[in-house]
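None of the figures in this text is laboratory data; all of them are computed from the coordinates on show. Values in this document were obtained by computation on a predicted structure and should not be read as measured data. FYI the Cβ positions are ideal-geometry reconstructions off the backbone, even for glycines, and counts take in every protein chain you see.
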Amino acid sequence: MKRLFYPCLAVVTIFVATMALHAQEPHIAREAIEWCNIWIPDAEVTKLPRVLLIGDSITGGYGQQVADSLNGKASVARLTTSKSIGDPALLAEVTLVLDQCRFDTVHFNNGLHGWGYSEDEYQKHFPELVATIRRHAPMAKLIWGTTTPMRQSGKLDVIAEGTKRVQARYKIAEGIVTKAGIAVDDLYGLVKDHAEYWSGDGVHFNGRGIAVQAKQVAKRIMENLK
């Protein structure tokens, strides 16, 4: 029996160690196609305050209009990405951009991507995004842009089922940023009752919807800079 005891103990030890290693691996849920777009104007020098917009394709839609609106008042950079809260790659991309310049204001949003993560995971990892921004832009004022709702493709007068998840993430994010003293830019409330703002896919916005968001984002940023 003694001859069998030690080999069995070794097998059990290896099994437990392997299980512990797998338990420590983060859950990463990626989409079929992931993308990232970084735009930093005046990279060499500027006397203007620097602003960074962080978000997805919705931010990409209004980003240039915000920059145009703040022309001569702020230099507006963008990081738009499909990476979602819960994915370490999002934090890596944010770090990459924030380490290139000193930013005075960061307007950030994340919530339409990452359907492979539960709301519990969203709540767990959301503070990591805030902490990463504060760590790499310690002097910046932060503004959280709420995630916009969704409408049914081809039937824009109907709210899409996915909006229930947007609302759940809205509440999670709102609780965290409010407690942290971060300003809120309520883009959800701005567009939720205006079906005429959406494009045909029910997720993105037409020219009118983009313009109203750009106007509000620019206004919030200017209030923050002052």
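Laid out as a table, the results:
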quantity: Residues of region 116-152 satisfying the condition of being within 20 Å of L187 (Cα to Cα) and not in a helix (DSSP H, G or I); calculated: K141, L142, I143, W144, G145, T146, T147, T148, P149, M150, R151, Q152
quantity: Filtered residues of region 197-222 (kept if surrounded by fewer than 19 Cβ atoms within 10 Å (Cβ to Cβ), assigned to a helix (DSSP H, G or I) and in contact (Cβ under 8 Å) with a residue 40 or more places away in the chain); calculated: A211, K215, M222
quantity: Conditions (1) crowded, with 17+ Cβ neighbours inside 10 Å; (2) in contact (Cβ under 8 Å) with a residue 60 or more places away in the chain: number failed by S82; calculated: (2)
quantity: Of all residues making up region 129-154, the number that are more than 15 Å from the chain's Cα centre (by Cα), more than 23 Å from A89 (Cβ to Cβ) and in contact (Cβ under 8 Å) with a residue 40 or more places away in the chain; calculated: 6
quantity: Single condition E93 does not satisfy, out of (1) in contact with a helix residue (DSSP H, G or I) (Cβ under 9 Å, 6 or more places away or on another chain); (2) within 29 Å of D201 (Cβ to Cβ); calculated: (1)
quantity: Residues being under 22 Å from F126 (Cβ atoms), out of contact with any Ser or Thr (no Cβ under 9 Å at 6 or more places or on another chain) and not in a loop (DSSP other than H, G, I, E, B) - total across region 24-79; calculated: 1
quantity: Extreme residue, nearest to Q100 (Cα to Cα), among residues of region 155-172 that are touching a strand residue (DSSP E or B) at 6+ places or on another chain (Cβ under 7 Å) and without any contact (Cβ under 8 Å) to a residue 24 or more places away in the chain; calculated: I159
quantity: Any hit, region 92-113, residues being within 11 Å of the chain's Cα centre (by Cα), free of Cβ contacts under 8 Å to residues at least 60 places away in the same chain and assigned to a loop (DSSP other than H, G, I, E, B); calculated: yes
quantity: Extreme residue, surrounded by the most Cβ atoms within 10 Å (Cβ to Cβ), among residues of region 177-192 that are in a loop (DSSP other than H, G, I, E, B) and out of contact with any Phe, Trp or Tyr (no Cβ under 6 Å at 6 or more places or on another chain); calculated: K192
